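Contents: one structure, followed by commentary.
Values quoted throughout were computed directly from the atomic coordinates according to the rules given, and no laboratory measurement underlies them. Values in this document were obtained by computation on a predicted structure and should not be read as measured data. Every residue, glycine as well, gets a Cβ built from its backbone with ideal geometry; the counts of neighbours run over all protein chains shown.
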Amino acid sequence: MKRTIIFILLLAGIVLPINSCTDFLDKQPTEDMTLEEVFTKREYVERFMAATSAHLSIELWFDFQFGRNPFVGASDEMELTNTEAYSQSMNSGAWSPANVLNAMLWSTIWEGTRKTNLFLENIDKTPMDDAEKSGWIGEMKFLRAWFHFLGLRAHGPIPIIKRSYKADEDFTTIVREPLEDCVNFIADECDEAAALLPATRNSAVLGRPTSLAALALKARVLLYAASPLFNGNPDYDKYVDATGRKLFPDYDAAKWQAAADAALACIRACEANGCDLYYSADRDPVTSYQYVFLDRWNKEIIFAKNIEMNYSIDCERRMSPNGMGGMAFYAPTQELVDSYGMAGTNEYPFILDENGDPRYGANGNPTVNPASGYNDNLDQKWVGREPRFYASIHYNGAVWRGRALQFYAGGLDGKKTTGSYSKTGYLMRKISNPDVDLVSGKYQVNTWVMFRLAEVYLNYAEALNEAGGGTPDPDVFKYVNLIRTRAGMPDLPATLNKEEMRIRIRVERKIELAFETHRYFDCHRWKIAHVTDSRPIHGLNIDENTNDFFSRRVVEDRIFETPKHYLFPLPQDDISRSQGALVQTPGW
């Protein structure tokens, strides 16, 4: 018993050498004293793996640093009520190399990577079944690829860390590698992991990586690599490391086809193993979309993270109305609400611009599309919208947990003199569970979905459309239309050309993948964030309880400096400690 207690303490304090307030260059000199012991027994190693998997962030925690997800609140889809969220610093332009560690991104990816490396370097010492050991190696390779991807999507070129480092090593040898090398490393790790992992998991081990998850990650990273931010970006053409080595590649059109091929390979593997778009029993479009995220481990889910009950409760409180015991932190923007289409049509309430967003005038109002039948008068603005709107957005008058919501001033869920409330007059409904009752203490466990089949369909459609000529390949229509069919929407017009299809795919991603940590990175990789993330964010007039409540008002003026804000800075302490070996992100 004493030995077990000592081991647990060692695991917490030595094998996990980097705490949340330090950076990845800090090391514990005594760690090797415990590694021999850790890897002598299978059960110890399994605990080590669990500790490594714990670095899969609780991304549903948008406003809290341990969620490692400032991205939803820093995109044009949401305004967080919590003023301490790191996204508030991003939106105001107050983020910097001096405070970027508060976002918990840089430290987390290297903590997780270090553990995967320690595992891979020592697992051969563990007496256990070879087949099971191979599967565990596959899991760690997937996680190492995942942690590197998290770094790449935020920072661009990053160090590639393929081994553990000791405290007395020369850390000035750690440098940012060229972006293409980072992408290739992640893709190769995914290939190796996919070859070692099972395609499916039984109910006892749900939440552990599969070969399908590895293929989905490869498809995503290759899509990012093909996109304008990372593929021939002129803003970074002269960005080099301390030795003069170029860190961003020249444009290569073939990357779109490589991304399409990877996504199709993932789709084929998913189909072969019973993965398909989820439908509720009644096949209703609203519940079919809503319960993708509530019917845990359904056939659409490729990889997800179960959220512990205490964290699930915290997340549910953030999503829930303040009149129902919630904090009302997660407030969708009027800009997102404007983007949902009209039910049963291919029409949107507002005219779209070349980026797939509503076209806004100088006064901040969008241009109404007269063909849509949209009525902007008072509460009629939410009538006749597409089914995913009703599954994703709480709006004034919507029925939730037994009553109509009241977001106007003085309403049960409206602005209060004390406490929190929605800053936009809307709340996020997607992922929130209608069976939860915070007042009576009735809770459910949440799941954060990292990969699902609908995303892979959209990845494939986008890459294939960009790889092709003026007329989209039939598969582009096929896979977008599969998603729209589940959502109760008609097929796209068969006459769309490449540019028109690009707009439709961007709208579809904005709606289908809302709040899933895609919008921020989509706008960045498409190089449209200097538009979407720099304009004022709007909501309803929550200070009023009359007809004026339904009018638009500016909630926040946001700041975006281009190209500076397209990528995260590196922590200044690590730049200094590296003695110039680590070069700072351009603009910072």
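List of remarks:
- By the beta-carbon count within 10 Å of each Cβ, the least crowded to most crowded order of Thr495, Thr485, fewest first, is Thr495, Thr485.
- Dipole magnitude (debye, nearest 20) for the chain, charges at Cβ of Lys, Arg, Asp, Glu: 820
- The ranking of His565, His530, His394 by Cβ neighbour count inside 10 Å, starting from the fewest, reads His530, His565, His394.
- Here the Kirkwood formula puts the hydrodynamic radius of the range 284-397 at 16.4 Å, using every distinct Cα pair.
- Both radii were evaluated on the Cα set of the range 29-128; the Rg over Rh quotient, with Rh as the Kirkwood radius, amounts to 1.15.
- Dipole-positive endmost among Gly580, Asn91, Phe560 within the chain (Cβ charges, Cα centre): Asn91
- The equivalent ellipsoid that matches the C-alpha gyration tensor of the range 407-534 spans semi-axes of 36, 18, 14 angstrom, in descending order.
- Spin-label model, Asp188/Ala98: points 7 Å from Cα along the beta carbon direction are separated by 4.0 nm.
- The convex hull drawn around the Cα atoms of the range 212-295, when projected onto a plane and averaged over every direction, covers 8.3 nm².
- Note on the range 109-223: Cα-only Rg and Dmax are 14.6, 45 Å.
- Dipole of the chain, positive end: most advanced residue of Ile511, His538, Tyr279 [Cβ charges, Cα centre]: Tyr279
- For the pair Lys442 and Glu354, a Förster radius of 60 Å applied to the C-beta separation gives a FRET efficiency near 0.80, rounded to the nearest 0.05.
- In a simple Cβ point-charge model (Lys, Arg +1; Asp, Glu -1; nothing else charged), the range 75-138 has a dipole of about 280 debye relative to its Cα centre.
- One Cα centroid belongs to the range 60-96, the other to the range 226-278; the line between them spans 26 Å.
- Positive-end residue, the chain charge dipole about Cα centroid, Cβ charges, pick of Ala167, Leu496, Thr418: Thr418
- Evaluating 6.51 cos²θ - 1.76 cosθ + 1.60 at θ = phi - 60° for every residue in the range 243-257, the Karplus couplings come out as 9, x, 6, 5, 9, 10, x, 6, 5, 9, 4, 5, 5, 5, 5 Hz, glycine and proline recorded as x.
- Across q = 0.20, 0.25 Å⁻¹, the range 356-439 modelled as identical point scatterers on its alpha-carbon atoms has Debye log10 I(q)/I(0) values of -1.12, -1.39, in the order of the q list.
- Asn202 paired with Thr418, simple spin-label distance in nm, labels 7 Å along Cα-to-beta-carbon: 5.4
- Calculated P(r) of the chain - Cα pairs past 37 Å, %: 32
- Computed magnitude of the charge dipole of the range 342-481 (debye, nearest 20; Cβ of K, R +1, Cβ of D, E -1): 860
- Other residues whose C-beta falls under 12 angstrom from the C-beta of Pro127 contribute a net charge of -1, scoring Lys and Arg +1 and Asp and Glu -1.
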